[in-house]
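Accompanying notes for the structure given below.
The values are calculated or read from the model by the stated rules, or taken from the named source; none is laboratory data. All values derive from a computational prediction rather than experimental measurement. Reconstructed Cβ throughout: ideal geometry from the backbone, glycine too, with neighbour counts over all protein chains shown. SASA here: full protein model, heavy atoms, side chains in, ligands and nucleic acids out. Shrake-Rupley method; radii C 1.70, N 1.55, O 1.52, S 1.80 Å.
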Amino acid sequence: MTQLFQHNNMYKPVGFIYTMLLLAVLTGCASSSAKTENAGMPPAELPVLKVAAVPATTYREYNATVEGKVNVEIRAQVDGYLDKIFVDEGAYVKAGQPLFRINERTYQEQLSNTAASLQAAKANEEKAEVEVNRLTPLVQNNVVSDVQLKTANAAYQAAKANVAQAQAMVSNARINLGYTLISAPVSGYIGRIPFKIGSLVGKGDAQALTMLSDVSEVYAYFSMSEVDFLQFKNKTEGKTVQDKVKKLPPVELVLADNSIYQEKGRVETIEGQFDKSIGAISFRAVFPNAAGLLRSGNTGRVKIPEQFASALLIPQEATFELQDKVFVFAVGDSNKVVSKLITISGKNSSYYFVEKGVQPGERIVYTGLDRLRDGAVIAPQMMSMDSLLKLKPL
């Protein structure tokens, strides 16, 4: 029994080596078979198109907030109870139209008192003037000393000053009385009215009576990053920044529901410095708003068009991104593909406009990029750029 065990151990390494050799042969056969099958697979048929140079317009979009041309806080200038509210929230009013009335009785009494004080001051002035006129000939004839005349003249001047002071008090009382009726300084739309009839209001209130917005024209404020601002300066004609702003083409406003506002606007001004907290500089575009469709507080996006006389056009689905860079697969003469980095000068919803990286007439793969690697051979299925533009217009 011991001899049989020793005999089996003697032949065990030989069996192991034989098994490993057999596995190697089978693996080699399988690999050879796979290579043969791969070598026999036809190249992938993929749509290919030629890069074309076409005239085009692209848009740069910037988030914007809309404000009326004039936004005025309507505030009480005198203290008192609110007697009357002549308008409702959201109403359109014209300049000079009454809005609120504060109880005027107190201010009417103040005007009456100051008017009475003015009459008394005028009477004292007349009395002092009579005294001067009486003493003047007496002094000339040496009947009385000139000291009396000087005293009378001083009293007369004091009486005149009292009249002027009383007149100022009357004017101030009249102004305060006028403040009890609050009228619209400009035409526009009334905002929220937080106070009701009977509320005690005054010029020290933190909250305004209402906000009045003139929206016959509206301002859309938007900001450019430093990179966008440098591109704007480099690409727009003009010697100064203000010249460049004036030469910008008309702009569009995209509303919150992605619809385009019917009126086009123009960029008017640019802020004097960058906002350090966000690294951007603000612009102001003005839009006509005769129909009153826009109100203060609306939001949207300002679209600034950019004209290209001859732009290389590439569909966005014909590109892929790698580490924030955009590439295409160009097709060579032997139908081998090679990835190329492209520089984008603009874009719209469907296309990139390429500044460099490819040449007009160069072939690129349109779809199926996820199956490709550099050096892969494909069977190009040529498609027309014109047909693509009909399907997806610029």
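Exactly which trypsin sites (Lys or Arg not before Pro) in the range 51-122 are in a DSSP loop and have at most 14 other Cβ atoms within 10 Å?
Working: sites: 60, 69, 75, 84, 94, 101, 105, 122; in loops: 75, 94.
The qualifying sites are 94.
Which whole-number percent gives the relative contact order of the range 229-331, counting Cα pairs below 8 Å spaced six or more residues apart? Before the final figure, lay out each step's value.
On the way: 111 pairs, mean separation 22.1, N = 103.
For the range 229-331, the relative contact order is 21 percent.
How much net charge surrounds residue 127 when only other residues with a Cβ under 13 Å from its Cβ are counted (Lys, Arg +1; Asp, Glu -1)? Write down the numbers at each step before the final one.
Working: positive: 122, 134, 160; negative: 125, 126, 129, 131.
That works out to -1.
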Just report the Cα centroid separation between the range 317-331 and the range 338-356, whole Å.
9 Å
Between residue 381 and residue 343, the two model label points (7 Å from Cα along the beta-carbon direction) sit apart by a distance in nm of 3.5 nm
Spin-label point model (7 Å from Cα, Cβ direction): what's the residue 199 to residue 175 distance in nm?
2.6 nm
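For residue 246 and residue 325, what is the calculated FRET efficiency with R₀ set at 45 Å and r taken between the beta-carbons, to the nearest 0.05?
Once the sixth-power term is evaluated, E becomes 0.80.
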Cα extents of the chain along the principal axes, largest first, in whole Å, come to 168, 72, 44
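Calculate how large, on average over all directions, the projected area of the Cα convex hull of the range 256-394 is; give the answer in nm² to one decimal. If you can, show how the numbers build up before the last one.
Numbers: hull surface 50.7 nm².
The number I arrive at for the range 256-394 is 12.7 nm².
Suppose every Lys and Arg Cβ carries +1 and every Asp and Glu Cβ carries -1, with no other charges. What dipole size does the chain come out with about its Cα centre, to the nearest 20 debye?
In total the dipole reaches around 480 debye.
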Using the Cα centre of the chain as origin and beta-carbon charges of +1 (Lys, Arg) and -1 (Asp, Glu), tell me which of 331, 98, 318 is placed farthest towards the positive end of the dipole.
331
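Over the chain, what relative contact order in percent results from Cα pairs under 8 Å that are six or more residues apart?
Numbers: 700 pairs, mean separation 103.2, N = 394.
Once divided by the residue count of the chain, the mean separation gives 26 percent.
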Please state the relative contact order of the range 162-249 as a whole percent: Cα pairs under 8 Å, 6+ residues apart?
21 percent
Those residues of the range 214-243 whose amide nitrogen sits under 18 Å from the label point placed on residue 69, 7 Å along Cα→Cβ
214-221
Those GluC sites (Glu not before Pro) in the range 210-247 that DSSP places in a loop and that have at most 11 other beta carbons within 10 Å
237
Placing +1 on each Lys and Arg Cβ and -1 on each Asp and Glu Cβ in the chain, then taking the dipole about the Cα centre, the residue among 145, 110, 199 whose Cα reaches farthest towards the positive end is 199
Output for the range 71-196 (equivalent-ellipsoid semi-axes, sqrt of 5λ from the C-alpha gyration tensor, Å, descending) is 52, 13, 9
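Grab the other residues whose beta carbon is less than 9 angstrom from that of residue 58, score K and R as +1, D and E as -1, and report the net. Let's see the in-between values first.
Working: positive: 60, 347; negative: 306.
Neighbour charge sum, excluding residue 58 itself: +1.
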Which pairs break 19 Å Cα to Cα here: 246/303; 244/325; 276/303?
244/325; 276/303
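Return the inverse of the average 1/r over all pairs of distinct C-alpha atoms in the range 326-394, which is the Kirkwood hydrodynamic radius, in Å to one decimal.
Values: mean 1/r = 0.0763 Å⁻¹.
Final number for the Kirkwood radius of the range 326-394 is 13.1 Å.
Going by accessible area, probe 1.4 Å, with all protein chains left in place, what is the ranking of 57, 106, 319, largest first? Each step should come with its number before you reach the end.
Values: 57 50, 106 85, 319 25 Å².
Ranking 57, 106, 319 by accessible area, largest first, yields 106, 57, 319.
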